[in-house]
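Report on the structure given below.
We did not get these values from a lab; they are worked out from the coordinates using the rules stated. Given the structure is predicted, the values throughout are model-derived calculations rather than measurements. Neighbour counts run over all protein chains shown; Cβ positions are idealised from the backbone, glycine included.
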């Protein structure tokens, strides 16, 4: 993927990075999909949203390391928190399911919202969430569901569908768990992620196969990360939606999917005249708190 054009160079970038010295952050994970979080009350939003700064912070060797960066900002009287989400390549994304699960946990922890229920502003609209044993989020209706696309299937790929779960997703049904585990996502992922039929933005890609006990196992190639992540929340929603539409999962009970970290996520749907509304439940865990030391430009 081509990096965003608004790069900071040389001394300008180093000055921005130096401005972040001693700024507090939170490292969080949603089933292995990991993020660096900031509270906008304690961190400079304008600096943190610069693509080169994001790449520096998310760098796995020279930075803190993460799939994405998130800033939580106190919102208007109509919502508790605004979520600013960015992929590790510095690009903004309208929605990230696991980041929203983590946001629910952190917003309650730092006093931005009540654990019993909160309203979060995302780029894909306002969503509601709550924190019980695990965080759960009620998302906007799924859109543009297509059961089968005219995309050439690879070995072991039985069906390829599409759905927009806040952001666009391909879902690929795989014939067996062994075939899913053997799949080379580094090779196959970019082919599907950039398929010309998807238009310039492309889509995330999820491969799914049946596991034991009515559970499904899925893997995701994420745009903006441009590689496989250990979990994808909106990918789980998209996958569950296609499994139901294909008649492979019951519509009356939650769909349980195993992430590549081995942790489960659960998706259920509520239907009414306004559409099909998903609820996602999964991990949103604080790993550690820290303060930024000396950051260097990404290489």
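Along the Cα→Cβ direction, 7 angstrom out, place labels at residue 272 and residue 212. What is the inter-label distance in nm?
4.1
Taking the chain as the reference, fit the longest principal axis to its C-alpha atoms, fit the long axis of helix 10-19 to the helix C-alpha atoms, and give the angle between the two in degrees, 0 to 90, nearest 10.
90
Would you look at the GNM of the chain, springs on alpha carbons closer than 10 Å, and say which of 57, 151, 137 moves the most?
Greatest mean-square fluctuation among the candidates belongs to 151.
Return the whole-Å distance between the Cα centroid of the range 58-115 and the Cα centroid of the range 27-52.
Cα centroid of the range 58-115 versus Cα centroid of the range 27-52: 6 Å apart.
Distance in nm between label sites at residue 253 and residue 12, each 7 Å beyond Cα in the beta-carbon direction?
Label at residue 253, label at residue 12, 5.7 nm between them.
Percent antiparallel among DSSP beta bridges with both residues in the range 13-97, to the nearest 5?
Working: 13 of 18 bridges.
Antiparallel bridges: around 70 percent, rounded to the nearest 5.
How would 232, 58 line up from fewest to most surrounding beta-carbon atoms within 10 angstrom?
By the 10 Å Cβ count, ascending: 58, 232.
At 7 Å along Cα-to-Cβ for each site, give me the label-to-label distance between residue 23 and residue 287 in nm.
1.9
Between residue 246 and residue 147, 0.36 nm times their residue separation minus their Cα-Cα distance comes to what? Display every interim value, and only then the final one.
Numbers: separation 99, 0.36 × 99 = 35.64 nm, distance 0.70 nm.
Contour length minus Cα-Cα distance gives 34.9 nm.
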